[in-house]
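Read the structure below first, then the notes.
The values are calculated or read from the model by the stated rules, or taken from the named source; none is laboratory data. The model shown is predicted, which means the values in this text are computed figures rather than measured ones. Heads up, the Cβs are rebuilt from the backbone with ideal geometry, glycines too, and the neighbour counts pull from every protein chain shown. The accessibility values were calculated without ligands, DNA or RNA, using every heavy atom of the protein model including side chains. Shrake-Rupley method; radii C 1.70, N 1.55, O 1.52, S 1.80 Å.
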Amino acid sequence: MAYPYVFHAQAPPPRAEGYTAKQGSVPQQQPQVREQWPAAGSGAGGSSTRARGGGAGWMGIGSGERPLASAYDLVERMHYLYVRVVKARGVPVGAVTGACSPYVEVRLGNYRGTTRHYERTASPEWNQVFAFSRERVQATALEVFVRDRNVVARDDCVGRVVFDLGEVPVRVPPDSPLAPQWYRLENVNHGGGGGRMVLQSEVMLAVWVGTQADEAFADAWHADAASVRGGGDGVAAALQSARSKVYVTPKLWYLRISVLEAQDVLAGGLFGDKVRQHVEVFAKVQVGGMMLRTKPCAMRNPASLAWNEELVFVVAEPFEDPAVLIVEARAQPGKDEIVGRAVMPLTIFEKRLDRRAIHSQWFSLEPFGHPLRQQEARFAGRVHLRACLEGAYHVMDEPTMYVSDTRPTARQLWRPPVGVLEVGILGAQGLTPMKTNDGRGTTDAYCVAKYGQKWVRTRTVVDSCSPRWNEQYTWEVYDPCTVLTLAMFDNCQLGNAGTAAAGSSTVRDQRMGKVRIRLSTLEMDKVYTNAHPLVVLHPSGVRKNGELCLAVRLTSVSLASVVFLYGQPLLPKMHYLQPFTIPQLDALRRQAMSIAAARLGRAEPPLRREVVEYMLDADSHAWSLRRSKANFFRVTALLSGAASTARWLVDVCNWRKPVTTVFVHLLFVTLMCFPELILPTMFLYMSMTGLWNYRRRPRRPANMDARLSCAEATHPDEIDEELDTFPTSKPNDVVRLRYDRLRSVAGRIQTVVGDVATQGERVRSLLTWRDPRATALFTAFCLAAAVVMYVTPFRVVVLVAGLYVLRHPRFRSRMPSAAGNFFKRLPSKADTML
């Protein structure tokens, strides 16, 4: 039986090196590369034979040489010792068992990693890479042992190869991979120096020093995963989930199916020989796990049924599930029986890239209960459909406010990219322990980033509250008015090896916080190196889980193309020429999220459903009292400027600042005498305001604002209600309490909406003669105003009206105006409501 690669934790816990630059004090410059490793001058003790390699020393780039070029220019360069164990040959059989079950043990100081063993083979192949970080290594020699597994006694040591770290070559991409070599094993069973070689036993190895830019980095077994516990396939699955990977969202299409009509539908087998009258017949279409149905059609004539209804689905390439159309008849309430069905592969539908008409097709219905391809199947009628795959739409799988991609599905309709986005995920600092292991808090953090169709996931740094990733990723930018989303999670699969092996989804990775960066807020060709706070909602309240350190750079391919996009529609033109309804868009977005989560969950390692749903804001449509308050305060802050202007105008009218009032009078009279200066003055004021605010422009991307989100002062019960499942899983008394609170809030909203409707109805009643005297007065006033406006220049009318509004308080009355009193006496439809 083969066992997975397992690291044994024999080293002390690594030292935590956090970022000392806190939020607000991080310098806006490109991060510098740290000092290099010094070359090791002495080898390991003992009388062993050294396997020599050419090139520089263990980190022989710090002896006055020029630093090596690297594509990782946004992140700190981290050096690793890579050991690739390819295969072995000539492994002798054991003296006791008469067979061999070889495996390889790589030992560096107190760290050791082992490959899986193979039963009864003298020429095993592993092709596995081990990676040891510089910060965890204090040894000067690398030992590679080939051992023979023995289930009865202690494992036999076949031989070993020792490498002097001072002689290990350095490799930096884009150099080609280092070619592995055969190394003769040294006998260590008899101890002492000058040991003889073991017959012809050899192992093929490649040992080099590289950085995180090496292509072997993602698939390597890292020494920091030594604390993962368990055995068997569970550890393999857990360690697999700790690797860094890149994922791609499946290509999503809108499937539009118009169910037109059906003919020759046979219902005699369901309702007797005589077709009953007034039978309701409807069609259902199922694609994957989504099913939509048409409105019922009265079956007065079985020879012809008409629906003429359109159904829209979201499907993903490759098209695995067919479209199944089912015709059902309802003879009596609660009793639906299938008349026939048609199975249609999605590949037979035409792909449409514009608004051209699609030819309709007839499909034969097969009676229910017969095999789909049975040649003797009876004819159960036929159905008339018009179906196509829409390639000119962008399939929305995330909220429009945070959209990261606006391209249509069809690649032929894509614009050329206008820029390149580079993101360096440096690390995190001050993380909160998310779980308990052996009585102490621990965190196994990893970061996920999404932009467009590309998802990236960093490796999991085990048991560290100050993890360092220093991984850099690149995206093509097609529209600058899009959003990059990053989130951090705690990997809960490492401590549950058995659960991970079984593929269970009961253990969910915990959220630690989210960061959104709108690309349009970034300056071109500038590196933003900042620490972003991680804030997440918890049933006990808002939780601050530390900071995520990022380096972001947006590079423009063509500035003219970027400026041109600001005048173009955000979404493809089909969204405006043939738009979907709001309920359709919400349902289609939920379908797209479900499909994306299912497809990404089938990758290896999987991107778990809770991760995808958190990144795509799957619960953004759910009711939240906290979010409602936050939106109300946003509207209040938006209108605060108008309210401040109104208060300033009241002060001017009341002459509380005589100098300002006199100046406003002079400006008003000047503009009335020269009305051609009104618009230039207004635009000049706005331009000068923009230039004045340039010195106070934001210097860093915006962070998640807990105060703006009303998360700090929210009652824990409101947050618990927001995090509740749908439908609810709370007890009846809790649901009753929340329902009463919702009724109270809805009552206040109902009152405000009623007041707004009342004011609008009063305006309409001015000319409807519901109040004859009020309408007569208003009509006479309008007639007189028309005569006055005709004989008086417009500027004179405006000047007189303005001076009347700005009149001195001595000429004002504390009583309401006649116009206000007249308006409040008008009737509304509130009188006729129950």
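Quick notes on this structure:
Conditions tested, residue by residue: (1) more than 40 Å from the chain's Cα centre (by Cα); (2) at pLDDT below 95; (3) farther than 26 Å from LEU585 by Cα.
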site: ASN301; (1), (2), (3): yes, yes, yes
site: SER304; (1), (2), (3): yes, yes, yes
site: TRP307; (1), (2), (3): no, yes, no
site: PRO318; (1), (2), (3): no, yes, no
site: ASP321; (1), (2), (3): no, yes, no
site: ALA331; (1), (2), (3): yes, yes, yes
site: GLU337; (1), (2), (3): yes, yes, yes
site: ARG341; (1), (2), (3): no, yes, yes
site: PRO345; (1), (2), (3): no, yes, no
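- For the range 576-589, a residue qualifies if it is in a helix (DSSP H, G or I), open to solvent by 60 Å² or more (accessible area, probe 1.4 Å) and without any contact (Cβ under 8 Å) to a residue 24 or more places away in the chain, and the qualifying residues are TYR576, ILE582, PRO583.
- Candidates LEU723, LEU737, LEU742: the one that is within 22 Å of HIS538 (Cα to Cα) and modelled with pLDDT of 85 or more is LEU737.
- Of the residues screened, THR832 is one that is of a type in the set (Val, Ile, Thr) and under 59 Å from the mean Cα position of the chain (by Cα).
To keep it simple, each residue is scored yes or no on (1) open to solvent by 70 Å² or more (accessible area, probe 1.4 Å); (2) over 15 Å from VAL805 (Cβ atoms); (3) in a helix (DSSP H, G or I).
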{"residue": "ARG626", "(1), (2), (3)": "no, yes, yes"}
{"residue": "ALA630", "(1), (2), (3)": "no, yes, yes"}
{"residue": "PHE633", "(1), (2), (3)": "yes, yes, yes"}
{"residue": "ALA642", "(1), (2), (3)": "no, yes, yes"}
{"residue": "THR645", "(1), (2), (3)": "yes, no, yes"}
{"residue": "ASP651", "(1), (2), (3)": "no, no, yes"}
{"residue": "VAL659", "(1), (2), (3)": "yes, yes, yes"}
{"residue": "LEU666", "(1), (2), (3)": "yes, yes, yes"}
{"residue": "LEU671", "(1), (2), (3)": "no, no, yes"}
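- For the range 381-480, the strands (runs of 3 or more DSSP E) that sit wholly inside it and include 2 or more residues that are within 18 Å of CYS549 (Cα to Cα) and among the β-branched types (Val, Ile, Thr) are 419-429.
- Some residue of the range 511-524 being in contact with a Lys or Arg (Cβ under 8 Å, 6 or more places away or on another chain) and either open to solvent by 50 Å² or more (accessible area, probe 1.4 Å) or modelled with pLDDT of 95 or more (or both): no
- GLU119 vs. criteria touching a residue at least 24 places away in the same chain (Cβ under 8 Å), assigned to a loop (DSSP other than H, G, I, E, B) and not hydrophobic (A, V, I, L, M, F, W, C): yes
- The lone exception for VAL104 - which of (1) in a strand (DSSP E or B); (2) modelled with pLDDT under 85; (3) open to solvent by less than 20 Å² (accessible area, probe 1.4 Å) it fails: (2)
- Of all residues in the range 812-829, exactly one satisfies the criterion of being over 57 Å from the mean Cα position of the chain (by Cα), modelled with pLDDT of 80 or more and open to solvent by 90 Å² or more (accessible area, probe 1.4 Å), namely MET815.
- In the range 675-693, the residues that are in contact (Cβ under 8 Å) with a residue 40 or more places away in the chain form Cβ pairs under 7 Å with partners that are open to solvent by 90 Å² or more (accessible area, probe 1.4 Å) and not acidic (Asp, Glu), at six or more places apart or across chains, as follows: PRO675/ARG795.
- Checked across the range 690-710, the condition of being assigned to a helix (DSSP H, G or I), in contact with a helix residue (DSSP H, G or I) (Cβ under 8 Å, 6 or more places away or on another chain) and open to solvent by 90 Å² or more (accessible area, probe 1.4 Å) holds for no residue.
- Test: residue in the range 484-494 that is modelled with pLDDT under 90, closer than 27 Å to ARG459 by Cβ, surrounded by fewer than 21 Cβ atoms within 10 Å (Cβ to Cβ) and of a type outside the set (S, T, N, Q): yes
- Matching residues in the range 726-754 - criterion: being open to solvent by 80 Å² or more (accessible area, probe 1.4 Å), assigned to a loop (DSSP other than H, G, I, E, B) and among the polar types (S, T, N, Q): SER729
- You will find that of ILE338, ILE358, ILE326, the residue that is touching a residue at least 12 places away in the same chain (Cβ under 8 Å), open to solvent by less than 80 Å² (accessible area, probe 1.4 Å), assigned to a loop (DSSP other than H, G, I, E, B) and more than 25 Å from PRO250 (Cα to Cα) is ILE358 and no other.
- Under the condition of being open to solvent by less than 70 Å² (accessible area, probe 1.4 Å) and either in contact with a helix residue (DSSP H, G or I) (Cβ under 8 Å, 6 or more places away or on another chain) or outside any loop (DSSP other than H, G, I, E, B) (or both), the residues counted in the range 169-187 number 4.
- Verdict on ALA774 being loosely packed, with under 10 Cβ neighbours inside 10 Å, hydrophobic (A, V, I, L, M, F, W, C), in a helix (DSSP H, G or I) and out of contact with any strand residue (DSSP E or B) (no Cβ under 7 Å at 6 or more places or on another chain): no
- Some residue of the range 264-279 being open to solvent by 10 Å² or more (accessible area, probe 1.4 Å), closer than 19 Å to GLY381 by Cβ, part of a strand (DSSP E or B) and modelled with pLDDT under 90: no
- Contacts under 6 angstrom Cβ, first residue in the range 649-668 being more than 14 Å from PRO809 (Cα to Cα) and among the β-branched types (Val, Ile, Thr), partner open to solvent by less than 70 Å² (accessible area, probe 1.4 Å) and assigned to a helix (DSSP H, G or I), 6 or more apart: VAL664/VAL652
- Count of residues meeting criterion [open to solvent by 70 Å² or more (accessible area, probe 1.4 Å) and either without any contact (Cβ under 8 Å) to a residue 12 or more places away in the chain or in contact with a Leu (Cβ under 6 Å, 6 or more places away or on another chain) (or both)] in the range 778-811: 13
- Where MET593 falls short, out of the listed (1) out of contact with any Ser or Thr (no Cβ under 9 Å at 6 or more places or on another chain); (2) aliphatic (A, V, I, L, M); (3) in a loop (DSSP other than H, G, I, E, B): (3)
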